[in-house]
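Remarks on the structure that follows.
The values are calculated or read from the model by the stated rules, or taken from the named source; none is laboratory data. Remember, predicted model here, so these are calculated numbers, not experimental data. Here the Cβ is made from the backbone with ideal geometry for all residues, glycine too, and neighbour counts use every protein chain on show. In case anyone asks, the SASA skips ligands and DNA or RNA and just uses the protein heavy atoms, side chains included. Shrake-Rupley method; radii C 1.70, N 1.55, O 1.52, S 1.80 Å.
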Amino acid sequence: MQDRHSIRFLLGSESRELTDIVPTTTVLEYLRKVERMTGTKEGCAEGDCGACTVVVAENVNGKLRYKACNSCIMFVPFLHGKQLITVEHLKNRNDELHPVQQAMVDQHGSQCGFCTPGFVMSLFGMYHNECDTSRVAIDDALAGNLCRCTGYAPIVRAARQALHGHKPDQFDHREKQTLRSLSDLDAAPSVHIDSSQQSYHAPATVKELKQILKEKPASRIVAGATDVGLWVTKERRHLDCVISVSDIQELQSISVEKEMIRIGAATTIAEAMDTLSLYYPSLDELFRRYGSEQVRNQATIGGNVANGSPIGDSLPVLVALDAKLIISSAAGSRTLPAEDYFIDYGKQDLGPGEFLERIDLPLPIEGQQFRVYKLSKRFHQDISAVCGAFSLTLEAGIIQAVRISFGGMAATPKRAFHCEEALIGSPLSGDAIVRGRQALQRDFNPITDFRGSSDYRTRVAGNLLEKLFDELSGREQTIVWEADYA
Ligand SMILES: Cc1cc2nc3c(=O)[nH]c(=O)nc-3n(C[C@H](O)[C@H](O)[C@H](O)COP(=O)(O)OP(=O)(O)OC[C@H]3O[C@@H](n4cnc5c(N)ncnc54)[C@H](O)[C@@H]3O)c2cc1C
Ligand code: FES
Ligand code: FES
């Protein structure tokens, strides 16, 4: 297929074609500096505050899907073939405010106003996606937006007002026209841009990806850019050659077959969470607490794994569930147990020219219990201090098989082999908790950092084991005093 050498997208309802843009320019930078649209604000430039929230709409099976995203860590080429909606686009032709804007006015949802466009855009995303108007759903949708002066009560009231009075807006009325305009863009995939500073490829197929990686093995793969974006905005790193995997449909599929869930590496957390939580309900809370709605809409599961951070949330889960990684290159594919991928801090088993293609996760078997617990200073939008994942198979109350993995306890996500050994063949008893806690001290010697001291991490890892036992045995929370197991 012929490569395209430009980025085409809709800015509101106007089409744009960019040929001369540095591919790691962020959407925020483009809006403010090139388009001079300053409604979208810059707060943190690292995906935390939501002041830069925009909505990106795309054609999914003939319908528009709206996603709130952080424009400060989204590179412009990600807009290719999509519609970018900012706060400037929300008023209708009669100059009337959008219902979410009107609700913010009516409920006094803004004081200094700096955060307001971001809140409005998150509410707009919710207006188009969310049927659930509960407080929990509103909090989840707004967790990626920080406000320092209004306080959240009026903003939550504004969300309720807008969602309860929901009726089709001008975007719904124009949906067919927008879909037509998107197809008129003729934004064929397989983009290749060579600017004076950077080379950028967005292949459309796995085959093309392999070929580009073969020719340019030192390129930087980028998926959702929720890690890579910060290297650019915060560390001012220059990336010579970038290969985006987010236009490759084959890398975005989830299928359930032969006792296995197969997840394409470029599947976003938002897309993966529904299917995975269906089979492992404990994952629901973990994913709800994964960054924010904006981060989940951008971040991919493959990016989380490939990045290999010791505090990446999906990693202990994949290790405890004995997931397999399918790693590919032009030379072929290999299958690696997730736990073998993490070699040392910042070092993963991924050679030049290789990429993560898929993750295979076994479906639960009879008697298997799975729990994952994330500990962080805030419930939402915070990185784990410790994340513990436990998979146990019980028969007549006895632990027949067990895999335990922790994030935040070592330089890589790591299995708790001593603890597993101490528990196998045991009932869910207080004695087993004591042995398990002692064993965890042999498994880990965690560091002290601003997320928690070594001592704190060791204690809470044991507490999580105890919580697991209490939940599985239906007991009230017991407290095993330190003296009992020291
Ligand atoms: C505000 C904020 C909150 C966050 N909260 C959380 C959180 O709660 N929990 C958590 O775990 N993480 C969190 N993160 C971190 C981040 O979102 C995740 O690590 C994310 O899953 C990375 O995915 P991505 O697609 O954005 O990766 P990218 O940034 O695109 O890439 C990350 C790394 O993976 C490589 N890569 C990506 N895809 C592939 C592939 N298919 N094959 C080979 N290499 C690949 C890239 O080269 C790069 O080295 C947060 C980040 C931000 C900015
Ligand atoms: S500027 Fe703070 S999330 Fe983008
Ligand atoms: S209104 Fe000032 S930060 Fe929200």
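As for the range 370-392, it holds at least one residue that is open to solvent by less than 20 Å² (accessible area, probe 1.4 Å) and over 26 Å from the mean Cα position of the chain (by Cα). Do we find a residue being closer than 23 Å to Gly144 by Cα and within 16 Å of ligand 1 (Cβ to nearest atom) anywhere in the range 81-90? Within the range 81-90, none of the residues are closer than 23 Å to Gly144 by Cα and within 16 Å of ligand 1 (Cβ to nearest atom). For first residues located in the range 455-466 and open to solvent by less than 40 Å² (accessible area, probe 1.4 Å), partners that are part of a helix (DSSP H, G or I) and lie 6+ apart or on another chain with Cβ distances below 6 Å form the pairs Ala461/Leu440; Gly462/Arg437; Gly462/Leu440; Leu465/Gly436; Glu466/Ile433.
Out of the range 285-309, which residues are among the aliphatic types (A, V, I, L, M), away from ligand 2 (no atom under 16 Å from the Cβ) and open to solvent by 10 Å² or more (accessible area, probe 1.4 Å)? Residue satisfying the conditions is Ala306 alone. Residues satisfying the criterion are present in the range 241-254 (criterion: open to solvent by 30 Å² or more (accessible area, probe 1.4 Å) and charged (D, E, K, R)). Is the range 331-345 home to any residue that is closer than 19 Å to Ser376 by Cβ, buried (at least 19 other Cβ atoms within 10 Å of the Cβ) and touching a residue at least 24 places away in the same chain (Cβ under 8 Å)? No: zero hits. Among all positions in the range 339-360, there is no residue which is among the aromatic types (Phe, Trp, Tyr) and over 24 Å from Pro217 (Cβ atoms). Of the residues Gln101, Gln107, the single one that is open to solvent by 40 Å² or more (accessible area, probe 1.4 Å), in contact with a helix residue (DSSP H, G or I) (Cβ under 7 Å, 6 or more places away or on another chain) and outside the structural domain of Glu235 (by TED's automatic domain parsing) is Gln107.
Quick one: which of Gly353, Gly407, Gly388 is away from ligand 3 (no atom under 16 Å from the Cβ), on the phi > 0 side of the Ramachandran plot and not assigned by TED's automatic domain parsing to the domain that holds Leu213?
Values: Gly407 fails: on the phi > 0 side of the Ramachandran plot; Gly388 fails: on the phi > 0 side of the Ramachandran plot.
Gly353 is the lone residue from the list that is away from ligand 3 (no atom under 16 Å from the Cβ), on the phi > 0 side of the Ramachandran plot and not assigned by TED's automatic domain parsing to the domain that holds Leu213.
The strands (runs of 3 or more DSSP E) falling completely within the range 1-83 that include 2 or more residues that are open to solvent by 60 Å² or more (accessible area, probe 1.4 Å) map to 14-18, 63-70. In the set (1) open to solvent by less than 10 Å² (accessible area, probe 1.4 Å); (2) in a loop (DSSP other than H, G, I, E, B), the condition left unmet by Asp95 is number (1).
Taking the range 280-359 and the helices (runs of 4 or more DSSP H) fully enclosed by it, the elements with 2 or more residues that are under 19 Å from the mean Cα position of the chain (by Cα) are at 283-288, 293-298, 301-307, 314-320. Among the residues of the range 331-342, those that are of a type in the set (A, V, I, L, M) and farther than 14 Å from Arg415 by Cβ comprise Ala331, Leu336. Within the bounds of the range 181-188, is there any residue that is open to solvent by less than 30 Å² (accessible area, probe 1.4 Å), under 25 Å from the mean Cα position of the chain (by Cα) and not aromatic (Phe, Trp, Tyr)? Looking through the range 181-188, none of the residues is open to solvent by less than 30 Å² (accessible area, probe 1.4 Å), under 25 Å from the mean Cα position of the chain (by Cα) and not aromatic (Phe, Trp, Tyr).
Restricting to the range 138-167, give me the number of residues that are part of a helix (DSSP H, G or I), more than 16 Å from ligand 2 (Cβ to nearest atom) and not β-branched (Val, Ile, Thr). Please lay out each step first, then the result.
Keep residues of the range 138-167 that are part of a helix (DSSP H, G or I), which gives 138-142, 152-164.
Next cut, more than 16 Å from ligand 2 (Cβ to nearest atom) only: 138-140, 152-164.
Going one step further and asking which of them are not β-branched (Val, Ile, Thr), we end up with 139-140, 152-154, 157-164.
Here the count works out to 13.
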